[in-house]
Amino acid sequence: MTRVDNIVETDGALILGAGIAGLFTALKLAPMPSIVLAGTRPGLSGSSAWAQGGIAASVGEGDSWQSHAHDTMVAGAGLCDAAIVDLVAKLASARIDDLVGYGAPFDRNGDGSLAVGREAAHSLPRIVHVKGDGAGAAISATLAARATETNCITLLEGFHAIELAMENGRVTGIFARSGIGADARLILFRARAVILATGGLGALYSVTTNPLESRGEGLGMAARAGALIADPEFVQFHPTAIAVGRDPAPLATEALRGEGASLVNTRGERFMTAIHSDAELAPRDIVARAIHRQIMSGQKVYLDCRQAIGASFADHFPTVFAACMSAGIDPAREMIPVAPAAHYHMGGIASDAKGRSSRPGLWVVGECAATGLHGANRLASNSLLEGLVFGALVADDVRGQLAAGAMRGTPPAPQRFASPAPPHVLRGAMTGGVGVERDADGLRTALDVITRLETTSSEPALLNMTAAAKLVTAAALARHESRGGHWRSDFPQTAATGTRTFLTLADAQAIADEAQALPRRARK
Ligand SMILES: Cc1cc2nc3c(=O)[nH]c(=O)nc-3n(C[C@H](O)[C@H](O)[C@H](O)COP(=O)(O)OP(=O)(O)OC[C@H]3O[C@@H](n4cnc5c(N)ncnc54)[C@H](O)[C@@H]3O)c2cc1C
């Protein structure tokens, strides 16, 4: 690590990430102090502000936490940790109450009860939402407002974290950059507890619904510090990103299919009815694969909302409506072109039931963590929930280690910073070789690209991204079966017994080395 320009210390917690997971953890920690460090503005930051559907919780009439847990287990295709699933499903309604207490403006029924919507693979309507498709923006804004007015929370935006600080095997802080060119500064933030809430890695793919800041840097930083990583090969591809050539691709929420919108190809065929009894509401991986295959066979795929939603589109789904209209498509009258896109990372930094990583001093929460809730495939709208439930659990676990007191050192004023974007070649290799359908040859080609990039740079941000990409790709190469979000065309069967993946970056490197040692012609 090069020269540090400034050291900022707290006897409280240091939280990296100001999405829903990071902000909720800080609020739950109060009155203990915390610094929340983020690249972009809290309230607008990360995937959280973009979430459309809402949060799953068994708060509707006739629903139960057991039914929610059951649906989560089924979606997870044999790899969920049942104890974690029960814990999250049981605690869901209490965390929704917390959000209501913070002022989250959930949609309500005429009698004042929470309105719940239905999404794929949920056996009952159980998604609490805001203004139809505005849950992420509204909840993020609410949490940011509460955090801003909470004195013990220091929100610092405009910092780019690049490495974990370690002392005697314990994580004690984070190195972060601020500013550009001659104004660039490297600051060491030290704290009694370090919590990563850095979100997912969709932006490592060239076709994604994630904001470009979701590029697996927290995962890469933790892996480079020796943390154990779990289930990295499981990436969820959202079936219905709006295919109008935008990066990132706007999302057509699953709730549209929940309302009865159908998927058709260029020939006008409603192909999902022949593939799954739940048709358009089949699990996401099945719908994504079906659309991918249509596209590979030369068809275009459209989401037809004209009958099911029609004139009420603008009122019920204002975010999707605006995205379509800005691309010149009126979804009340025209079909929406769609394609699968990298959307959610089920894997992440391995976490126990308290959010502890395998490295002392480091806790993880939200999409960057792998708690065992999602298994091989996430049930829709379980991710914001996981961030809330584990945010509270992490806060309970670290609270006792913190002390009140003023922050020492003065961080520079927020500034723009220059962070390298994921290289096009990396994003292309991930979408091409580690996407909806994978095989050994494509995975090995992706590993070649990742290794080449690593050898040409010592830039820590890039190495964090390539570390994350390598973990996903190596674990996908090592899993000789298809399950949940991971589909191998050369291993289409599902093994009788499923086991979770746990590996370090060194393990992933060993898989990559072995793959590269194979002569090209023996690779297939
Ligand atoms: C379009 C879309 C729709 C979705 N809809 C839903 C839904 O309806 N329901 C649901 O449950 N889930 C949904 N999801 C998934 C869900 O939004 C995410 O899983 C969740 O918001 C992740 O929250 P988080 O707090 O863990 O991370 P994020 O909200 O992604 O926040 C990550 C934070 O980390 C910061 N960060 C990352 N790296 C660095 C770094 N190196 N330096 C400084 N800061 C850094 C970012 O700036 C950001 O503040 C959706 C996702 C997308 C993309």
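Quick notes on this one:
- Under the span-like rule (Cα at least 20 Å along the axis, Kyte-Doolittle mean at least -1.0), DSSP H helices of the chain: 82-102, 383-399, 440-455, 460-478
- Averaged per residue, the chain has 37 square angstrom of accessible surface, using a 1.4 angstrom probe with ligands and nucleic acids left out.
- The chain shape via C-alpha gyration tensor axes, a/c threshold 1.5: oblate
- Inter-label distance, nm, simple model (7 Å from Cα along the C-beta direction), Arg293/Arg452: 3.2 nm
- Using the Cβ-Cβ distance between Arg333 and Ala404 with R0 = 60 Å, the FRET efficiency computed as 1/(1 + (r/R0)^6) comes to roughly 0.55.
- Gyration tensor (alpha-carbon) shape descriptor, the range 79-219, a/c threshold 1.5: prolate
- FRET efficiency estimate (nearest 0.05) - Cβ-Cβ, Lys300 to Lys354, R0 45 angstrom: 0.40
- For Gln516 and Asp111, a Förster radius of 56 Å and the Cβ-Cβ distance give a FRET efficiency of 0.35, rounded to the nearest 0.05.
- Of the accessible area of the range 52-165, computed with a 1.4 Å probe over protein heavy atoms only, carbon and sulfur atoms account for 52 percent.
- Taking the helices alone, the chain has a mean residue ellipticity at 222 nm of -10000 deg cm²/dmol, built from -39,500 (n - 2.57) per DSSP H run of at least 4 residues and averaged over all its residues.
- Gain upon complete extension [Thr148, Ser326; 0.36 nm per residue less C-alpha separation]: 60.8 nm
- Cα gyration tensor category, rounded, prolate or oblate, for the range 6-91 with a/c compared to 1.5: prolate
- Across the chain, the relative contact order, built from alpha-carbon pairs under 8 Å that are at least six residues apart, equals 23 percent.
- Ranking His316, Cys368, Ile329 by Cα position along the charge dipole of the range 292-382, where only Lys, Arg, Asp and Glu carry charges on their C-beta atoms, puts Cys368 farthest toward the positive end.
- For Arg488, the residues whose amide H sits under 5 Å from its own are Arg438, Ser482, Arg483, ignoring neighbours fewer than 5 places away on the same chain, with H placed 1.01 Å from N.
- Among the protein heavy atoms of the range 336-408, carbon and sulfur supply 52% of the accessible surface, probe 1.4 Å, non-protein parts ignored.
- Distance distribution note for the range 251-323: the fraction of Cα pairs above 14 angstrom is 60%.
- For the set Thr154, Thr72, the ranking by accessible area, highest first and with no ligand, DNA or RNA atoms included, is Thr154, Thr72 under a 1.4 Å probe.
The values are calculated or read from the model by the stated rules, or taken from the named source; none is laboratory data. A quick note: this is a predicted structure, and the numbers were derived from the prediction, not measured. We place every Cβ from the backbone using ideal geometry, glycine too, and count neighbours over all the protein chains shown. Heads up: the accessible areas ignore ligands, DNA and RNA and are worked out on the full protein's heavy atoms, side chains in. Shrake-Rupley method; radii C 1.70, N 1.55, O 1.52, S 1.80 Å.
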